[in-house]
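Below is one structure, written out as structure tokens, with a few remarks after it.
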Amino acid sequence: MLNRTLLLAALLAAPLALPASAEAKPAADRTIAAVDTDSDGTLDLAEVKAAAAAVFDKLEKDADGTLDAKELKGRLSRQQLMKADPDNDGTLTKDEYVALAESLFKAADPDNDGTLDAKEMKSPAGKTLARLIK
């Protein structure tokens, strides 16, 4: 019985003994880590635009040069899609998709320092941007 109690106590205490690096990273940190090509811990506009273009290419399955709501897979609400679609054709071209990422980047960068840190990625614009570039 004592062995069972000690084993249970050890299992319950084990997560407390893990170093901070072993803990799961918040979503904002994971997004930055995935897109931060210069490894400076922030995202700049060039990194965001490159990531957006790459995601567009990955999502664009039917080779028509656009993304429709189905291909976007819930990355944008219907309202966000309509707002980002200047020609009102119900789809986004690569240029429109990258322009949307750029506008979200600027909205998520209130200090205008040209980079987004984890705190800025937690803003509404930062969260939408993360969905576009992941």
Considering only region 83-101, state which residues are polar (S, T, N, Q) and touching a residue at least 24 places away in the same chain (Cβ under 8 Å). T91, T93
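To keep it simple, each residue is scored yes or no on (1) at pLDDT below 95; (2) of a type in the set (A, V, I, L, M).
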{"site": "A46", "(1), (2)": "no, yes"}
{"site": "K49", "(1), (2)": "no, no"}
{"site": "A63", "(1), (2)": "yes, yes"}
{"site": "A99", "(1), (2)": "no, yes"}
{"site": "K106", "(1), (2)": "no, no"}
Near pairs, Cβ below 8 angstrom, 6+ apart or cross-chain, from region 57-82 (at positive phi) to any residue that is assigned to a strand (DSSP E or B): G65/T93
Identify the single condition in (1) modelled with pLDDT under 95; (2) more than 14 Å from the chain's Cα centre (by Cα) that D29 does not satisfy, given that it satisfies every other one. (2)
Return the pair list, or none, for Cβ contacts closer than 7 Å from residues in region 102-129 that are buried (at least 22 other Cβ atoms within 10 Å of the Cβ) to residues that are among the hydroxyl-bearing types (S, T, Y) and not in a helix (DSSP H, G or I), at least 6 apart or on different chains. A108/S123; L116/T42
Quick one: what pairs do we get from region 26-38, first residue among the polar types (S, T, N, Q), second assigned to a helix (DSSP H, G or I), C-beta under 8 Å, 6+ apart or different chains? T31/M121; T31/A130; T31/I133; T37/E47; T37/A50
Return the total of residues in region 65-86 being loosely packed, with under 15 Cβ neighbours inside 10 Å and either assigned to a helix (DSSP H, G or I) or of a type in the set (A, V, I, L, M) (or both). 5
Do we find that T5 is modelled with pLDDT of 55 or more, among the polar types (S, T, N, Q) and either closer than 20 Å to E102 by Cα or part of a helix (DSSP H, G or I) (or both) in this structure? no
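The values are calculated or read from the model by the stated rules, or taken from the named source; none is laboratory data. Model, not experiment: these values are computed from the prediction. Backbone-built Cβ (ideal geometry, glycine too); neighbour counts: all protein chains shown.
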